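Read the figures in this text as sums done on the coordinates, not as results from a lab. Just so you know, these numbers come straight off a predicted model, no measurement behind them. Neighbour counts are summed over all protein chains in view; Cβ atoms, including those assigned to glycine, are modelled from backbone coordinates with ideal geometry.
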Ligand SMILES: Nc1ncnc2c1ncn2[C@@H]1O[C@H](COP(=O)(O)OP(=O)(O)OP(=O)(O)O)[C@@H](O)[C@H]1O
Ligand SMILES: [Mg+2]
């Protein structure tokens, strides 16, 4: 069996990369090799080999297989601005075909792929083109990372509604506590549990990244089995 997930979030900085890396590592532990992909990144640093995104580097490091950097991150922009603006400033057109080509190449490298979006679901990538189109093009179910902070209920519900509207299956959502001072965490999670028509896959407490090991136990064996064994349901069939 093979497949993967498209990791989206309620906003930028909500924990998509951290959770994508944990998922990659958990899949590998369960004997299910997975590769990460970050199709579009802005705010990259300049290197002799070209722009490099910290997210893409982390995903590559957590991947079970190897790939050329540009395979997992075909569009890397240095300006730390919205990707369609960064692309315009750099004189580059973001092409879905190119992303899909790389995605298909990575499918030969590992049976499972974890693709991280940029920002939230509807971030524009160019004229009449948004990150949601990438999710649709790769045909993977989405996992929504909800960064728990004040305002997240609205963001989470809007995102879940947009994912459904766009015909992408929602494999589930993850509650990630990014604000250590947030109160009423349980009540917020309960509100979303009752309103999002997809399972709560995992809960991440607020925790600074550990030098070795991270929040790994939150992707236990049963969760990986659930995610991978339910995968055969095709994106479009699921959303009906
Ligand atoms: N549960 C958590 N507890 C504490 N800090 C966290 C938690 N989850 C994420 N963070 C921190 O929040 C910051 C943003 O996380 P991350 O880079 O994974 O977000 P992102 O959604 O991928 O952001 P971007 O939109 O830039 O891709 C990082 O410094 C990360 O270590
Ligand atoms: Mg990220």
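In table form, for the structure just shown:
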| read-out | value |
| --- | --- |
| Cα gyration tensor, segment 1-83 - rounded (a/c under 1.5), prolate or oblate | oblate |
| In nm, spacing of pseudo-spin labels at residue 208 and residue 108 (7 Å Cα→C-beta vector) | 4.5 |
| Distance in nm between pseudo-label sites at residue 226 and residue 70 (7 Å out along the Cβ direction from Cα) | 4.1 |
| Residues 166, 190, 11, 55 arranged by fewest to most Cβ contacts within 10 Å | 190, 166, 11, 55 |
| Backbone N within segment 164-198 under 18 Å of label point (7 Å from residue 150 Cα along the Cβ vector) | 177-189 |
| Share antiparallel - DSSP beta bridges, the chain, percent rounded to 5 | 10 |
| Mean ellipticity per residue at 222 nm, deg cm²/dmol - from DSSP H runs of n ≥ 4 across the chain, formula -39500 (n - 2.57) | -11000 deg cm²/dmol |
| Whether the chain is rounded, prolate or oblate, judged on the alpha carbon gyration tensor where a/c under 1.5 counts as rounded | rounded |
| Segment 1-43 and segment 104-147: distance between their alpha carbon centers, rounded to Å | 10 |
| Pair residue 49, residue 193: separation of 7 Å Cα→Cβ label points (nm) | 4.4 |
| Cα gyration tensor category, rounded, prolate or oblate, for segment 84-215 with a/c compared to 1.5 | prolate |
